[in-house]
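To start, the structure under review is shown below, and the notes come after it.
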Amino acid sequence: MVRVALDTPLRRLFDYLPARDATFDPQPGARVRVPFGRQRLIGVVHSWAESSDVPREKLKPLLEIIDADPVIDAGVMELIEFAAQYYHHPLGEVIAAALPKQAREGAASRALTERWFTTEAGVAALDGNTLGRARRQRELLEILRAAPGTAAADLAQRFDDWRTPMRALVARGLVSSAEVADEAPASDQPLLRTTGPALSPEQSAAVTAIDAAAGKFAPFLLHGITGSGKTEVYLHTVAHCLQHGHRALVLVPEIGLTPQLVGRFRERFAVTVAVLHSGLTDSERLAAWRDCLSGKARIVLGTRSAVFAPVADLGIVIIDEEHDASFKQHESGFRYSARDLAILRAQRAGVPIVLGSATPSLETLQNVVNGKYARLSLPRRAGQALPPRAAVIDLRAHEVRAGIATPAVEAMQRHFAAGGQVLVYINRRGYSPTLACTACGWIAPCRDCDARLTVHLAAAKLRCHHCGAEAPLPAKCPQCGYAVRHVGQGTERVEETLAALFPTMPIARLDRDVVRKRGDLESVVGRVASGEARILVGTQMVTKGHDFPSVTLVVVLNADQGLFSTDFRAPERLAQTIIQVAGRAGRGEKPGEVLIQTEYPDHPLLRSLLEEGYDGFARAALAERAAAGWPPFAHVAALRASATTLVAASEFLQQARQLARVPRGLKLLGPAPAAMTKRAARFHAQLLLEAPERAPLHRALAAWLPEVENLKAPRDLRWSLDVDPLELF
Ligand code: ADP
Ligand code: ZN
Ligand code: ZN
């Protein structure tokens, strides 16, 4: 019996008999085509079994074996099985998440080339000169005799229409064709194009420590401020890994945002680097996956789902910006943390793993505190750059014009006069987050969300940043007809204000409205890096890895949302953003300055961040989490439900709650409406499960979920489980 995992929401495997006229049995990890009800599905062989719960006469045979060799090796299969258990998600859906779309649809695991050969009869026809006057046919036959296996693409280069005479030859039995898998190229090519700069003592120490751990599981936190040379450490470590004949897996957040990183790997290494990210077309993704599978790629560089990439002879795993929220899939389908799974992958493979960050997550720092991870520090900046000076501007004590306080304007003037560039960070895109009536108090709401519509002035639109709804921008209040006004600032408005304040300074803006297609990001980054733009205004996007050597001043327009959020992770994210954005200042020869505008200059978090840096902040924040019993001092899962009424969502969770058997120590919190209850015309609620230890939480979930699955729910209800959620409310 063959046990097959299918991409269905059912939490089980499906048994089949061997294929009828197969000459071999498929191995675990190979794809097969199977009958499933009235459908034919592609699944992956999980294992072979002696017996089945299904009576033998009811079992059907496999229809087709797609792969002679597994496309998921034993190591990755183990990782997938762990992930399915840990995130309590159906195995078939986890496998589906690990394969590119075209592979799920049955595309060959290796690139195939259509190649043409002469038959014996073809050779005889040439020798016997029996072809008659068919000149084209003779030419083709002669090419194939001289070069058997000529690729169709090569024939197409030489003849405009070769298919017609070839068809005639096929009809006469003189030629044949085959789809042939491409051979992996020999690997005697050099590894490196360049050796890179000589390492600093701290960088050398880090590389040495990681090298010394080769061949065994050893997690490292590479903690270095932005520009301290972490990427150089990765490049050296990967080079050593390749020299020993192994391959490297490098995970990065949102690769579209860091073309510079891909560039640095490609500049340094002469070997094939497979790049896997969400911006690829389906066929590009398939090609990259094939390069991984065939072993052609010696380095695999990818975002979240690349943690499942087929990388044989793995020698090292690297996670850049390990704190980044994009490593957690939390929106739909299979919700997992690529960082946490990468650690498991390294553990199973018995190889070192390096988690790099200027602002490590509190989870990772706690793992350093309890001795699970070794910390490698890069305290200095590479080259000449100095750490930036940071200070707060009290918004209550100064005149503020369109969100920018006088001392910030004066600082900008100073930095411009000294030839510097200025970066202004604000966490909102659009013109203003609110459109309000000057008379009756009307505020433009989203019809489908508990949210206001954001004004996009250039596009003359109101847009909801939560559901995507769009409406024309009204000139007057739709309720009373009086004038409307813009309340608050977004990037677009800040750009306008700065243009009025500094009319001679060219401004560049970086946010999701500006970056819409390939190349947009590069062109904005290019304008800033070349010095053409003197001011850069942007959202979160500006914090990601770009190197702007002439930026000497960074202004954070509003820090206060992160200080007073219901989300327990908000302060951590704010501190990370401030440190990351501050890291853009003074990366070149000139020292940098950072100004943070706030109405709460005495907030303990801001104080610890400014006075003791990120480490001081992290100590304070971890103490707070320990006291409150939040992760990493507790383990949490969220059962979320949404429906077209809040009552339906809450009732479902209430029923689920009643089904739960609660062991000692496990807490059930809720059901409660989500922080934004109404989103995209659906009402959201959640039930939290919390335990001080991981194991009892997972035992409870494993027993409970099958029962939740069997609950009768209204048609419009959707639910999902999020293990280790990033947000709790
Ligand atoms: P991070 O990844 O920590 O932001 P990078 O590795 O990108 O830091 O280094 C920042 C800059 O310093 C890069 O331009 C890099 O080429 C340069 N750099 C890094 N290490 C060295 C070194 N040992 N000697 C000279 N330049 C270096
Ligand atoms: Zn009005
Ligand atoms: Zn909306």
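Things to note:
- If you go through region 490-504 and keep only what is open to solvent by 40 Å² or more (accessible area, probe 1.4 Å) and part of a loop (DSSP other than H, G, I, E, B), you end up with PRO503, THR504.
- Top-ranked residue in region 413-425 [being aliphatic (A, V, I, L, M) and buried (at least 23 other Cβ atoms within 10 Å of the Cβ); ranked as nearest to ligand 2 (Cβ to nearest atom)]: VAL424
- Residues in region 505-547 that are open to solvent by less than 30 Å² (accessible area, probe 1.4 Å), touching a residue at least 60 places away in the same chain (Cβ under 8 Å) and more than 26 Å from the chain's Cα centre (by Cα): 2 in all.
- Contact map, region 485-496: residues that are in contact (Cβ under 8 Å) with a residue 24 or more places away in the chain paired with residues that are open to solvent by 30 Å² or more (accessible area, probe 1.4 Å) and among the polar types (S, T, N, Q), Cβ distance under 7 Å, separation 6+ or inter-chain. Pairs shown: ARG485/THR438.
- Here VAL422, VAL455 are screened, and the one residue that is touching a Leu at 6+ places or on another chain (Cβ under 9 Å) and under 15 Å from LEU553 (Cβ atoms) is VAL422.
- Some residue of region 673-683 being away from ligand 3 (no atom under 16 Å from the Cβ) and open to solvent by less than 30 Å² (accessible area, probe 1.4 Å): no
- Tally, over region 431-467, of residues that are within 16 Å of ligand 2 (Cβ to nearest atom) and farther than 29 Å from THR645 by Cα: 4
- Residue match in region 504-511 (condition: away from ligand 3 (no atom under 16 Å from the Cβ) and of a type in the set (Lys, Arg)): yes
- Only residues that are in contact with a strand residue (DSSP E or B) (Cβ under 8 Å, 6 or more places away or on another chain), assigned to a loop (DSSP other than H, G, I, E, B), open to solvent by less than 90 Å² (accessible area, probe 1.4 Å) and near ligand 3 (Cβ under 10 Å from one of its atoms) were counted in region 448-485, giving 9.
- VAL307 crowded, with 24+ Cβ neighbours inside 10 Å, assigned to a helix (DSSP H, G or I) and under 16 Å from the mean Cα position of the chain (by Cα): yes
- SER228 satisfies every condition listed in (1) under 38 Å from the mean Cα position of the chain (by Cα); (2) hydroxyl-bearing (Ser, Thr, Tyr); (3) open to solvent by 60 Å² or more (accessible area, probe 1.4 Å) except (3).
- Verdict on PHE269 being in contact with an Asp or Glu (Cβ under 6 Å, 6 or more places away or on another chain) and either surrounded by 24 or more Cβ atoms within 10 Å (Cβ to Cβ) or not polar (S, T, N, Q) (or both): no
The rows are residues; the columns are (1) out of contact with any strand residue (DSSP E or B) (no Cβ under 7 Å at 6 or more places or on another chain); (2) modelled with pLDDT under 95.
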| site | (1), (2) |
| --- | --- |
| PRO352 | no, no |
| GLN366 | yes, no |
| ALA374 | no, no |
| LEU386 | yes, yes |
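- Residue list for region 233-247, restricted to those being open to solvent by less than 20 Å² (accessible area, probe 1.4 Å) and either charged (D, E, K, R) or within 16 Å of ligand 1 (Cβ to nearest atom) (or both): VAL233, TYR234, LEU235, THR237, VAL238, ALA239
- Residues of region 93-138 that are closer than 30 Å to VAL76 by Cα, open to solvent by 60 Å² or more (accessible area, probe 1.4 Å) and either of a type in the set (Lys, Arg) or modelled with pLDDT of 90 or more (or both): LYS101, ARG104, GLU105, ARG110.
The values are calculated or read from the model by the stated rules, or taken from the named source; none is laboratory data. Worth saying up front: this structure is predicted, and the values here are computed from it rather than measured. Please note: Cβ atoms are built from the backbone with ideal geometry, for glycine as well, and neighbour counts cover all protein chains shown. The accessibility values were calculated without ligands, DNA or RNA, using every heavy atom of the protein model including side chains. Shrake-Rupley method; radii C 1.70, N 1.55, O 1.52, S 1.80 Å.
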